[in-house]
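First comes the structure, then the notes that go with it.
Derivation of every value follows stated rules applied to the coordinates shown; laboratory data play no part. The shown structure was predicted, so the numbers you read here are calculated from the model rather than taken from an experiment. Every residue, glycine among them, receives a Cβ derived from its backbone with ideal geometry; neighbour counts consider all protein chains shown.
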C-alpha cells in the first residue's frame, strides 16, 4: 500500500467539499430517499446514477458478508414510523413539495424549463 504524503492532500477541493457537507456531525452513512432523488431534474438523475455506478464499480462489497442495510426514522432520539410519502417511490405524493424550500422550488422550475444547472440541493423540512 502506498504511504500517503502531505503533498497528496494539499489540493483536494472535492474531498474538502464532501467533508464540509457532513459538517460537524458524527454521521457514518449518507441516506437519500429514492423518491426525492426521482423528483430532481433528469440531468441531475443521470449524473447521480453515473456517480452511484462508479462508486459500486470502485468498491467490492462481497467481503463485508452482509446483504443489506436498514434505515429507521427517528425524532428526538426515538424511533418513529417512516412517512409513507418517503417510502412509496412508485407513486410520489404531493407531500414531497412541502420538503422543498422556496429557493429550491424556483431553482427546480428553472432547471426543468431551461436545462440549467440547479443551484439548490438542500431540502428544508420545516413548514
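The distance between label points at residue 89 and residue 60 comes to 2.7 nm (points 7 Å beyond Cα on the Cα→Cβ vector).
Going by the alpha-carbon gyration tensor, a ≥ b ≥ c the square roots of its eigenvalues, is the range 21-95 rounded (a/c under 1.5) or, if a/c is not under 1.5, prolate (a/b greater than b/c) versus oblate? Judged from the Cα gyration tensor, the range 21-95 comes out oblate (a/c at least 1.5, b/c at or above a/b).
Quote to one decimal, in nm, the extra length available between residue 81 and residue 46 on full extension: 0.36 nm per residue of separation minus the C-alpha distance between them.
Net length gain for the segment: 9.5 nm.
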